[in-house]
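Visitor: Once you've had a glance at the structure underneath, I'll fire off some questions.
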Amino acid sequence: MPTAEQTLDEILSLAAAHFKVPREKLRPDDDFFKTLGIDSLQTLDLLTKLENHFRVELPDYELQGVSDFRTLAGKIQARL
Amino acid sequence: MLDLQKYSCLGAALRDAMERFGGETCLIEADREREKTRLTYSDFKEISMPLARALEDADFDAGDRAAILMTNQSKWLISAYAIFYCGGVLVPLDYKLTAGEQLQLLEHSKAKVLVAEHYLWRAIMQSPEFQNIKTKLVLVTEAPLGAELAGGFRWEDFRRKGTPDFVMRQREDVACVVYSSGTGGRPKGCVLTHENYLEQCRALTAWYPFWPGVRYLSILPTNHAIDFMVGFIGPFVCGACVVHLRTLRPEFVRDAFVRYRITYVALVPMIVKNLERGLRAKFDELPGWKRAILNRMIALNKMLTRRKPRVKVSRTLLPGVHRAFGGEVLALITGGAFMEPSTMQFFYDLGIPVVNGYGLTEAGTALTLNDLKPFRADTVGKPLPGVELRVLSPNEEGIGEIAARSKTVMSHYLDDAELTLETIVDGWLLTGDLGRFDKNGHLQLFGRKKNMIVTEGGKNIYPEDIETVFDGLPVKEYCVFAANYVWPQKKLGREMLVMALRLEQNQRFDSALLGEIVARNRRLPDFKRVGGYVICEKDFPRTASMKIKRQALAEELGKTVNRAAVVGL
């Protein structure tokens with residue numbers, strides 16, 4: 001099983017690829033709504049990508065109130 | 001459909017619908033690609049009655065209030081029907097609020113019963129305010145066996161054998177208390193009667209009828225006035241089918257259109273824009289020659305549907321686009337927030353009409369709707385049957401505050417006579433929205449008189465409701481405004497919240513203060529966050545009791561500070 005840091009790093013890389021931004025532009029504690037200029041539906045789109053990658057399933061409500069990559073990584077890590 | 005004029009309450013109309021449309025499918029619930037529930041009207045009745053009987057046994061009487069706190073799902077509607085059957089008053093609560101906010105509204109409503117989904121009830125149990133809860137009976141859906149429910153009961157086990165007595169209500173009796181805002185201290189609970197709902201349903205279905213075989217995709221929260229009407233009452237009294245999705249992931253929403261051959265769906269602008277983005281990306285991937293053909297077909301469709309929608313023609317000309325939507329969509333219904341005309345036009349040109357409307361919780365659901373005769377992307381349509389609208393104190397351009405009179409307008413705000421008197425004057429509901437009518441009787445909106453924003457997700461956000469998160473901010477004083485309230489721009493859109501800050505003498509706006517504001521802002525859900533700030537040179541005007549005079553401060557800011565000076569957060 002990957003470590004929490006590895007999961008976070010993979011999420012940042014996948015998010016950068018999904019939204020076509022340089023990887024170095026994204027930091028773990030960034031507010032992704034602001035950094036990426038996305039709305040909550042685009043976040044859900046990203047989550048689907050992440051679920052497929054990590055082979056986990058998260059209900060929508062797990063994302064309620066989540067706005068930074070580190071917290072998101074924690075939610076995914078908890079289900080690995 | 002049922003003749004709603006003959007009914008005195010929602011419970012009676014729904015009860016007759018169960019009998020009349022018995023074998024028709026009324027409800028489908030799916031989670032991602034997995035279908036979890038499929039009920040006919042007879043099944044729905046069979047599941048609801050033991051719950052109604054158990055509520056009856058628990059001394060839930062006529063006029064008692066029962067709150068529902070759930071995402072869109074079958075148990076929402078089943079519980080609502082059981083509550084109406086017992087003569088109860090429904091209090092739909094917003095599942096996207098924080099647990100503390102939900103508890104605050106629950107207390108204000110004095111609900112005797114709460115029906116809550118397990119994850120939401122868990123959050124409430126962990127909330128510091130939980131110890132003050134006064135609700136007598138709590139029913140929790142989907143709780144695992146043996147889960148700690150703090151005195152609550154599993155919804156699935158809360159059933160009694162036997163036939164409950166149907167409790168008839170009169171048209172003037174209260175059907176629902178719906179909160180339009182007020183988590184910041186002054187809850188605005190709109191008290192809506194059975195007449196309000198029956199008349200709203202009659203008006204809407206006169207223009208956009210449902211019938212057995214129609215499938216409505218329920219995506220907007222059912223606690224929202226629009227989905228409650230077009231995703232429950234409307235389809236049910238017409239024998240149609242409601243499809244619930246337990247996820248809002250765009251890819252599963254798109255799948256649901258096709259899987260269930262959806263006829264109607266109500267959407268907020270954010271979702272419509274998401275669909276538009278997806279379609280445009282697909283169009284861009286087409287090879288040049290295919291794209292050229294598509295453009296020609298769109299142009300031809302546009303010409304042939306100039307006067308009115310012609311779905312068969314559009315489906316023939318643009319089969320790929322329509323297949324992606326399941327092939328049977330008649331319209332996308334939008335409302336509750338400003339929609340870009342270009343987005344509506346994009347879909348209409350593809351043969352998928354977007355029906356735009358205007359309304360507010362205080363007025364039931366909708367006051368105006370586009371009748372598509374012809375399609376107009378630049379207005380919010382015409383007043384629905386039975387709705388009177390007028391423009392108060394119009395300026396030289398004919399723009400003024402919209403006032404409404406209709407059988408759909410709420411009775412009052414719960415326990416707030418003062419606010420009711422300010423809002424309903426001589427029988428007219430003052431909407432706080434600015435607009436004018438064009439020569440064809442269409443309403444055009446030009447902004448708001450009130451200090452609030454409506455997000456693209458259809459959420460009404462009042463600055464007073466979010467200011468508490470900044471309590472104790474190390475500055476002399478602060479106040480949050482809707483930017484368009486301070487700097488009116490005579491149109492909707494570009495809505496954001498702005499914080500006006502007054503620093504202490506000799507205090508500097510440094511990175512520590514900025515960090516503090518940003519950190520607190522992030523405690524709010526993304527759609528409630530403040531978008532920018534301005535620093536004020538003068539102390540805020542205050543009343544004798546030291547309350548900030550918001551209107552005076554907004555006027556002063558509007559005159560002395562340029563909107564361009566707002567610094568983004």
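The values are calculated or read from the model by the stated rules, or taken from the named source; none is laboratory data. For clarity, every value in this text was computed on a predicted model and none was experimentally measured. Here the Cβ is made from the backbone with ideal geometry for all residues, glycine too, and neighbour counts use every protein chain on show.
Visitor: In this structure, is residue B:564 in a helix (DSSP H, G or I) and modelled with pLDDT of 85 or more? Quick ask: steps written out before the conclusion?
Guide: Working: in a helix (DSSP H, G or I): yes; modelled with pLDDT of 85 or more: yes.
So residue B:564 fits the description; yes.
Visitor: From the list B:50, B:128, B:92, pick out the single residue that is closer than 22 Å to residue B:525 by Cβ and at pLDDT 95 or above.
Guide: Step by step, each of B:50, B:128, B:92 is checked, and only B:92 is closer than 22 Å to residue B:525 by Cβ and at pLDDT 95 or above.
Visitor: In this structure, does residue B:96 turn out to be within 29 Å of residue B:195 (Cα to Cα) and within 14 Å of chain A (Cβ to nearest Cβ)?
Guide: Details: within 29 Å of residue B:195 (Cα to Cα): yes; within 14 Å of chain A (Cβ to nearest Cβ): yes.
Considered against the rule, which asks whether it is within 29 Å of residue B:195 (Cα to Cα) and within 14 Å of chain A (Cβ to nearest Cβ), residue B:96 comes out as yes.
Visitor: So residue B:146 passes all but one of these: (1) in a helix (DSSP H, G or I); (2) at positive phi. Which condition number does it fail?
Guide: (1)
Visitor: In addition: Which residues, counting only those in region B:237-258, are within 14 Å of another protein chain (Cβ to nearest Cβ), within 15 Å of residue B:321 (Cα to Cα) and in contact with a Lys or Arg (Cβ under 9 Å, 6 or more places away or on another chain)?
Guide: Selection gives B:255 alone.
Visitor: With the condition kept exactly as written, say whether any residue in region B:22-44 is more than 24 Å from residue B:217 (Cβ to Cβ), out of contact with any Ser or Thr (no Cβ under 9 Å at 6 or more places or on another chain) and in a helix (DSSP H, G or I).
Guide: Looking through region B:22-44, none of the residues is more than 24 Å from residue B:217 (Cβ to Cβ), out of contact with any Ser or Thr (no Cβ under 9 Å at 6 or more places or on another chain) and in a helix (DSSP H, G or I).
Visitor: Next question. Are there any pairs, at least 6 apart or on different chains, whose C-beta atoms fall under 6 Å, with the first in region B:259-288 and away from every other protein chain (no Cβ under 14 Å) and the second in a helix (DSSP H, G or I), and if so, which?
Guide: Matching pairs, first to second residue: B:266/B:226; B:266/B:230.
Visitor: Among B:136, B:96, which is the only one that is of a type outside the set (Asp, Glu) and in contact with a helix residue (DSSP H, G or I) (Cβ under 9 Å, 6 or more places away or on another chain)?
Guide: Numbers: B:136 fails: in contact with a helix residue (DSSP H, G or I) (Cβ under 9 Å, 6 or more places away or on another chain).
Result of the check over B:136, B:96: B:96.
Visitor: Another question, if that's okay. What about residue B:194, is it buried (at least 23 other Cβ atoms within 10 Å of the Cβ) and within 14 Å of chain A (Cβ to nearest Cβ)? Talk me through it step by step, then tell me what you get.
Guide: Working: buried (at least 23 other Cβ atoms within 10 Å of the Cβ): yes; within 14 Å of chain A (Cβ to nearest Cβ): no.
When the stated conditions are applied, residue B:194 does not pass them.
Visitor: I've got another one for you. What single numbered condition from (1) at pLDDT 85 or above; (2) at positive phi fails to hold for residue B:546?
Guide: So residue B:546 meets the others, but not (1).
Visitor: Restricting to region B:86-136, give me the number of residues that are touching a residue at least 60 places away in the same chain (Cβ under 8 Å) and on the phi > 0 side of the Ramachandran plot.
Guide: 1
Visitor: Condition check: loosely packed, with under 15 Cβ neighbours inside 10 Å and among the β-branched types (Val, Ile, Thr). Does residue A:35 satisfy that?
Guide: Spelling it out, it is not the case that residue A:35 is loosely packed, with under 15 Cβ neighbours inside 10 Å and among the β-branched types (Val, Ile, Thr).
Visitor: Another question, then. Return the residue satisfying two criteria in turn: it lies in region B:516-569 and is free of Cβ contacts under 8 Å to residues at least 12 places away in the same chain and surrounded by 13 or more Cβ atoms within 10 Å (Cβ to Cβ), and of such residues it is farthest from the chain's Cα centre (by Cα).
Guide: For region B:516-569, the residue satisfying everything is B:542.
Visitor: Right, here's the next one. Which members of region B:365-400 meet the condition of being outside any loop (DSSP other than H, G, I, E, B) and β-branched (Val, Ile, Thr)?
Guide: Correct list: B:368, B:391.
Visitor: If we scan region A:9-29, do we find a residue that is surrounded by 15 or more Cβ atoms within 10 Å (Cβ to Cβ), part of a helix (DSSP H, G or I) and either at pLDDT below 90 or among the aromatic types (Phe, Trp, Tyr) (or both)?
Guide: No, there is no match, as no residue in region A:9-29 is surrounded by 15 or more Cβ atoms within 10 Å (Cβ to Cβ), part of a helix (DSSP H, G or I) and either at pLDDT below 90 or among the aromatic types (Phe, Trp, Tyr) (or both).
Visitor: I've got another one for you. Scan region A:30-73 for residues that are more than 24 Å from residue B:275 (Cα to Cα), at the interface with chain B (Cβ under 10 Å from one of its Cβ atoms) and in a loop (DSSP other than H, G, I, E, B) and report the count.
Guide: 0
Visitor: Considering region B:401-424 alone, what residues qualify as being in a loop (DSSP other than H, G, I, E, B) and closer than 15 Å to residue B:365 by Cα? I'd like the intermediate steps shown before the answer.
Guide: Here is the first cut: in region B:401-424, the ones in a loop (DSSP other than H, G, I, E, B) are B:406-411, B:414-416.
Selection gives B:406, B:407, B:408, B:409, B:410, B:411.
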